[in-house]
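The values are calculated or read from the model by the stated rules, or taken from the named source; none is laboratory data. As the structure is a computational prediction, the values presented were derived from the model and not from experiment. Using ideal geometry, Cβ is built from the backbone for each residue, glycine included, and neighbour counts are taken over all protein chains shown. We work out accessible area using only protein heavy atoms, side chains counted, and drop any ligands, DNA or RNA first. Shrake-Rupley method; radii C 1.70, N 1.55, O 1.52, S 1.80 Å.
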Amino acid sequence: MFQLFVITVICLFGISQGQVPYPKTPEGFTYNHGMTGAPVQFDAFLDLMCPDSKASFPVIKAVADSYGMEKVRLIVHLFPLPYHRSAFLAAQGVHVANQKDIPGNTTVAYKFMETIFMVQEQFKDKGTHGLSTDDAVSGLAEQASTIGIDAEMFKKEINNMDSPVYETTIVAWKYGCTRGVAGTPWFFLNGIEVQGEGTDTSRWTVSQWKKIIDQLMN
């Protein structure tokens, strides 16, 4: 609860400082060519260092797959939590990975997310104890290289305030704040927050999601 309070205060402070910068492209990473005209727009705000985000990631992809790109458009937004040391670095990594794709294609970005979720423990606070930021970046670069991203290029882009990736990652986080996001995972269906009715949405099964989404199809 205290962590939620802290994030809320940080978000409110950030968006109270004036106009949030306009993203140069629509915010988020659309999964598997989901269509903008799909009747259900499914937004998920995730942190690559969050165990609950890791648990929900394969489920929400399976939900989108079960309906197809014409019916459900899943959009993953990165919302690195300030108390997860490597979260902001990892979020930048997704933007670097996305540069490998042609416009409108997020295949490499999703591969990077999957890769980092698989080795999440290595980059969480305990895993990086005693390591420098450069060490953490090198570790992420090593993982990026396994999906065809040049490790040296990756290291030059991450945590580089002169790189567009740095600013894009910050703008993405501020966008989450404007939507009222204060933790991860955080979900919206057609712009409305999914509250779970007393259950933990991060642990929902495909069937539980379908129970809600099926109602939107009728």
Across (1) assigned to a helix (DSSP H, G or I); (2) closer than 21 Å to Thr178 by Cα, Pro80 clears everything bar (1)
Given (1) modelled with pLDDT under 75; (2) surrounded by 12 or more Cβ atoms within 10 Å (Cβ to Cβ), Ser16 misses just (2)
The condition of being buried (at least 17 other Cβ atoms within 10 Å of the Cβ), under 25 Å from Tyr83 (Cβ atoms), hydroxyl-bearing (Ser, Thr, Tyr) and in contact with a helix residue (DSSP H, G or I) (Cβ under 8 Å, 6 or more places away or on another chain) holds, among Thr133, Thr106, Thr115, only for Thr115
Taking first residues from region 39-56 that are of a type outside the set (Gly, Ala, Ser) and at pLDDT below 95 and second residues anywhere that are part of a loop (DSSP other than H, G, I, E, B) and open to solvent by 10 Å² or more (accessible area, probe 1.4 Å), the pairs with Cβ under 8 Å that are 6 or more apart or on different chains are none
Result of the Cβ filter at 6 Å on region 161-182, keeping first residues that are farther than 15 Å from Gly28 by Cα and partners that are open to solvent by less than 40 Å² (accessible area, probe 1.4 Å) and assigned to a helix (DSSP H, G or I), at least 6 apart or interchain, is Ala182/Ile7
Yes or no: region 85-93 includes at least one residue that is among the aromatic types (Phe, Trp, Tyr), open to solvent by 10 Å² or more (accessible area, probe 1.4 Å) and farther than 20 Å from Thr25 by Cα.
no
Over region 134-153, the set of residues within 14 Å of Val108 (Cβ to Cβ) and not polar (S, T, N, Q) is Ala144, Ile147, Gly148, Ile149, Asp150, Met153
How many residues of region 175-218 are assigned to a helix (DSSP H, G or I), on the phi < 0 side of the Ramachandran plot and of a type in the set (Gly, Ala, Ser)? The answer is 3
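The rows are residues; the columns are (1) within 17 Å of Leu48 (Cα to Cα); (2) under 19 Å from the mean Cα position of the chain (by Cα); (3) assigned to a loop (DSSP other than H, G, I, E, B); (4) of a type in the set (A, V, I, L, M).
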{"residue": "Ile116", "(1), (2), (3), (4)": "yes, yes, no, yes"}
{"residue": "Gln122", "(1), (2), (3), (4)": "yes, yes, no, no"}
{"residue": "Ala136", "(1), (2), (3), (4)": "yes, yes, no, yes"}
{"residue": "Lys155", "(1), (2), (3), (4)": "no, no, no, no"}
{"residue": "Tyr166", "(1), (2), (3), (4)": "yes, yes, no, no"}
Within region 139-167, residues being touching a Ser or Thr at 6+ places or on another chain (Cβ under 9 Å), of a type outside the set (Asp, Glu) and open to solvent by 40 Å² or more (accessible area, probe 1.4 Å) number 5
